[in-house]
Amino acid sequence: MGMMRSLYDRHVLPKVLNTLMKSPEMTRIRSRWVPQVSGRVLEIGVGSGLNLPFYSGDAHVFAVDPSEELQVYAREVAKAHGTQVEFATESGETIPAENESFDAAVITWTLCTIPDPFAALMELRRVLKPGSKVVFAEHGLSPDARVSKWQERINPIWQPVAGGCNLNRCPDVLFAEAGFSFDEIQRGYIAGPKFATYTYQGIACLM
Ligand SMILES: C[S@@+](CC[C@H](N)C(=O)[O-])C[C@H]1O[C@@H](n2cnc3c(N)ncnc32)[C@H](O)[C@@H]1O
């Protein structure tokens, strides 16, 4: 089972994720928020690099993600779009950077998967300069009891097949608990099955 899991995680899941995360609505969300940050930008969980085409020309991206397999895709996207990116095969819980060394951050569809999302947000807080903006788009727990009941039920089956993704996290609560406030936040379903598409998107900030 361990061997099966690792073959699946390393060879099947990267292709599936790179395809699933490209839906027209997700691409529209990326194109709406990502251009709003510039300077030295940290992206946590860069994955296959689907945000990379949307950075402004003056963004220098430091991309942290433990997946070497997804980084292969992300490097191709960076090259194709001329995005300035430095990659670090690391976890969001241990960001290899100095305190207050970034101007902004981007995190999309990743808080669901990071094993300790609160630790990652505290790390993010450590490495961001005061006043920084964090662009985010994350799926999470639905406020509709009929949906959230199923999210809780399906989660134990979903998590191992979806690379560790959780359906029942509350990104807004996590940001607030880590000391962020919101310049802008929108909540609502996007296209797709309700259990995986209740989306929190906007800009969190650090005072
Ligand atoms: C659903 S994918 C989203 C990828 C990308 N952010 C996007 O918007 O398409 C979740 C990502 O979280 C990454 N991830 C898993 N554990 C992580 C961790 N501890 N720290 C940072 N990223 C992590 C995975 O490797 C994967 O790239």
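Annotations
- Student exercise, the stretch 90-205 dipole from Lys, Arg, Asp, Glu Cβ charges, in Debye to nearest 20: 520 debye
- Separation in nanometres of the label points that stand 7 Å from Cα toward Cβ, at HIS81 and MET122: 3.2 nm
- Extent along principal axes [Cα atoms of the chain; Å; largest to smallest]: 42, 35, 31
- In plain terms, the chain from THR89 to SER56 could stretch by 9.5 nm, reckoned as 0.36 nm per residue minus the Cα-Cα distance.
- For the stretch 19-113: rounded, prolate or oblate by the Cα gyration tensor [a/c cutoff 1.5]: rounded
- Overall form of the stretch 88-180 per C-alpha gyration tensor (a/c, 1.5; a/b vs b/c): prolate
- Globularity index of the stretch 163-207, i.e. its alpha-carbon radius of gyration over 2.2 N^0.38 Å: 1.27
- Only Cα pairs under 8 Å and 6+ residues apart enter the sum, and on that basis the relative contact order of the stretch 10-94 stands at 28 percent.
- Each of ARG10 and GLU177 was given a label point 7 Å from its Cα along the Cα-to-Cβ line. The distance between the two points is 3.3 nm.
- C-alpha center-to-center spacing [the stretch 158-207, the stretch 23-89] in angstrom: 19 Å
- Members of LYS22/LYS79; LYS133/LYS194; LYS22/LYS149; LYS79/LYS129 lying beyond 21 Å, as alpha-carbon distances in this model show: LYS133/LYS194; LYS22/LYS149; LYS79/LYS129
- Candidates LEU13, LEU50, LEU121: whichever shows maximal mean-square fluctuation once the chain is modelled as a Gaussian network with Cα springs under 10 Å: LEU13
- Our summary gives the chain a relative contact order of 18 percent, counting only alpha carbon pairs under 8 angstrom and 6 or more residues apart.
- Cα-based shape type of the stretch 11-73, given that a ≥ b ≥ c are square roots of the gyration tensor eigenvalues and the cut on a/c is 1.5: oblate
- Annotation: extensible slack from LYS194 through ARG146 equals 16.3 nm (criterion: 0.36 nm per residue apart, minus Cα-Cα distance).
Read the figures in this text as sums done on the coordinates, not as results from a lab. Every value quoted in this text rests on a predicted model; they were computed, and no experiment measured them. Neighbour counts run over all protein chains shown; Cβ positions are idealised from the backbone, glycine included.
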